[in-house]
1. So in segment 133-169, with the set limited to residues that are assigned to a helix (DSSP H, G or I) and of a type in the set (D, E, K, R), which one is surrounded by the fewest Cβ atoms within 10 Å (Cβ to Cβ)?
2. Only one of Gly104, Gly172, Gly130 is in a helix (DSSP H, G or I), at pLDDT below 85 and either among the acidic types (Asp, Glu) or more than 15 Å from Leu5 (Cβ to Cβ) (or both); which?
3. Suppose we filter segment 17-31 for residues that are surrounded by 21 or more Cβ atoms within 10 Å (Cβ to Cβ) and within 12 Å of the chain's Cα centre (by Cα); how many remain?
4. Just for segment 42-66: of the residues that are outside any helix (DSSP H, G or I) and touching a residue at least 24 places away in the same chain (Cβ under 8 Å), which one is surrounded by the most Cβ atoms within 10 Å (Cβ to Cβ)?
5. Looking at segment 1-20, is at least one residue part of a helix (DSSP H, G or I), over 16 Å from Ala123 (Cβ atoms), of a type in the set (A, V, I, L, M) and at pLDDT 85 or above?
Amino acid sequence: MTNQLLLYMAAVVVPVFFPSWRVAVLGLGVQGLMLSLTLLASHEIDSAAVVIEFVCLLLIRAVFVPWYLLRKSGPKTTSADFSLVGTTLGERSLVLLLLACGFGAGLVMGRGDAREIAQISTAVSSLLIGMLMIANQRHPAAQLVGLFTFEGGVTLVEMLSPHAMPFPVQLGVSAIDVFFVLTCGQYFTRFSEMAPPPGTTEREGT
């Protein structure tokens with residue numbers, strides 16, 4: 001499971017240092033794939049509930065989210081200064097600081113269990129970095145990536161439970177996830193003009 005969590009964290013951090021809309025969306029797809037594989041690694045595949053939860057995670061987070069966001073963005077590209085957290089050294093260094101805070105929280109709350117330490121560290125780091133992306137006012141697309149990154153951290157926290165969600169709960173959560181993705185796609189389409197033109201500062205674009 002550690003390998004999946006490392007790849008998940010890489011999918012969160014790498015797009016920060018390679019500011020590209022397509023790289024960011026691809027990162028969301030990798031996050032979704034790693035979430036589904038982490039579920040299989042952390043739970044015994046002894047019930048239909050685990051299989052259904054895996055399929056829902058895989059189809060929604062790894063396939064539907066990146067496909068839908070790329071489709072809503074259409075042939076147009078995002079502004080030339082698109083960045084998830086900003087382009088200055090201080091802003092990008094803050095990502096590394098939040099990453100260190102997340103792993104520090106995992107060491108404190110993991111109670112010496114290596115699996116819990118890795119999962120909590122990844123979840124907290126994802127939550128903190130996701131909130132940083134949401135706070136970025138440079139481009140609404142960055143806020144959407146931040147929302148899905150934050151939601152991925154919440155999903156990792158939920159996976160700490162040794163029991164899979166009951167089937168009716170899974171259906172409800174999956175329906176909410178799809179509705180959330182559709183809503184985000186509409187937000188991106190409707191408010192794409194909120195992005196500042198290339199060359200403007202962050203304050204001028206808000």
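The values are calculated or read from the model by the stated rules, or taken from the named source; none is laboratory data. What you see is a predicted model, and the numbers here were worked out from it, not measured in a lab. In this analysis, Cβ positions are derived from the backbone assuming ideal geometry, glycine residues included, and neighbour counts consider all displayed protein chains.
1. Glu158
2. Numbers: Gly104 fails: at pLDDT below 85; Gly130 fails: at pLDDT below 85.
Result of the check over Gly104, Gly172, Gly130: Gly172.
3. Here the count works out to 5.
4. For segment 42-66, the residue satisfying everything is His43.
5. yes
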